[in-house]
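Since every read-out is calculated from the coordinates, none of them should be taken as a lab result. All of these numbers come straight from a predicted model, not from anything done at the bench. Here the Cβ is made from the backbone with ideal geometry for all residues, glycine too, and neighbour counts use every protein chain on show.
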Amino acid sequence: MPSSAECRPPRLGLAPLAALAAVLAFATAARAGVVPAHDRVVVVILENKSYNQVRTQPYTMSLMAQGATFTKSFAVSHPSQPNYIALWAGSLLGVTNNNCPPTGYPFSAPNLGSACEAAGLTWRAYSENLAVAGSTACSYDGSASSGMYTRKHAPWTQFGNLNHANERPYTDLAADLAANTLPNLSFIVPNNCHNSHNSSTPGCGVSDADAWLAGHMPAIIAGLGPKGLLVVTWDEDDNLSNNQILTVFVGPQVLDGVSSIQGITHYTLVRMICEALGLTPFAGAAGEASIAGVWEDNVPVKSTNWGRVKSFYR
């Protein structure tokens, strides 16, 4: 009969243990998930409400239940225009106000539109109440501050290094969805009633913005395809909550009902969009951490055993 010592499994030396740790780290990284490749990213931006003001709205809650909610999402500035520029260019570009056009216009800095065009990808911005594609008007249907369309919420208009024909009236979105020609990157800007900017006006409050989402997001989600992503976020808070806002991801490659405590800002979203579409992150987005922990496994995780570790070590 063999001795008890002969029956013991072989002791692992430091090198095999290091190899085992490497394999396990690889498996853990695969489960946490780097940002998976996407064919389409759609970003919807609403206005001036804090995380706690909007997270209990019924349709918004349904989006949170079917996707990923970021509980530590923060805007980067006040008022609106700098935040929109941050979401487009990964930088404030020195903009501190809502002036139309801003000081420094036209900007030549890298941005999501110019990055898409350089990479051969398509993009469009769909703005509600925009009357004419590529318009440089400061507003339509009201004043420059509270008209239904305001250029301060359309950062692409402030750049000279992109194709302004991609700046479309919101009504064009339905045709693109019907034709299955949604671009690789879409930004959607509801008008200043539907985004709750003019919330002191009857019919333009938080619940009304939620109802607008309920009426418009299902068709967009249906049009994402198997590798599409919807991002719903707010430009800034109500000046009372340390600029904490709600950000929600929905899509086939997003875990259902997950809540993330990763701290993110508008710059983090720009990085995520770049990674999702295969673009090189730029400006402030380049220094942000990748968004992790909210994605379905995009690398199959195989079981780890001693044979695999020995093969890895050899």
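Things worth noting here:
- Unit charges on C-beta of K, R, D, E only; dipole of the range 37-291, Debye: 240
- Ignoring aspartates and glutamates fewer than eight residues from Lys49 along the same chain, the ones with Cα atoms less than 20 angstrom from its Cα are Glu128, Asp208, Asp210, Asp235, Glu236, Asp237, Asp238.
- Counting only DSSP beta bridges whose two residues both lie in the range 37-291, roughly 30 percent are antiparallel.
- A simple spin-label model places the labels of Asp172 and Ser145 3.1 nm from each other, with each point 7 Å out along Cα-to-Cβ.
- For Val41, nonlocal amide neighbours, meaning residues 5 or more places apart or on other chains whose placed amide H falls under 5 Å from its own, are Leu185, Ser186, Leu229.
- Local electrostatic count, Asn163, Cβ distance below 13 Å [Lys/Arg +1, Asp/Glu -1]: 0
- Couplings 3J(HN,Hα) of the range 131-147, computed from phi: 7, 9, 4, x, 5, 9, 4, 6, 6, 9, 6, x, 6, 5, 9, 9, x Hz, in residue order, whole Hz [Karplus 6.51 cos²θ - 1.76 cosθ + 1.60, θ = phi - 60°; x for Gly and Pro].
- Around Ala75: net Lys/Arg minus Asp/Glu count, Cβ-Cβ under 13 Å: -3
- As a proxy for reagent exposure, His266, His216, His153 were ordered by neighbouring Cβ count within 10 angstrom, fewest first; the result is His216, His153, His266.
- The distance from the alpha carbon centre of the range 189-268 to that of the range 110-180 is 18 Å, rounded to a whole number.
- Segment Gln66..Asn239, full-extension length gain: 59.4 nm, with 0.36 nm per residue of separation and the alpha-carbon distance subtracted.
- Distance between the pseudo-spin-label points of Gln262 and Thr122 (7 Å out from Cα toward the beta carbon): 2.9 nm.
- Estimated D of the range 37-291 in µm² per second, where Rh is the Kirkwood radius over Cα pairs and Stokes-Einstein applies at 4 °C, 1.567 mPa s: 73
- Ignoring aspartates and glutamates fewer than eight residues from Lys227 along the same chain, the ones with Cα atoms less than 14 angstrom from its Cα are Asp39, Glu275, Glu296, Asp297.
- Surrounding net charge for Ser50, when Lys and Arg each add one and Asp and Glu each subtract one, Cβ distance under 15 Å: -3
- 3J(HN,Hα) along the range 84-92: 5, 5, 4, 6, 9, 10, x, 6, 7 Hz, from the Karplus curve 6.51 cos²θ - 1.76 cosθ + 1.60 with θ = phi - 60°, whole Hz, x for Gly and Pro.
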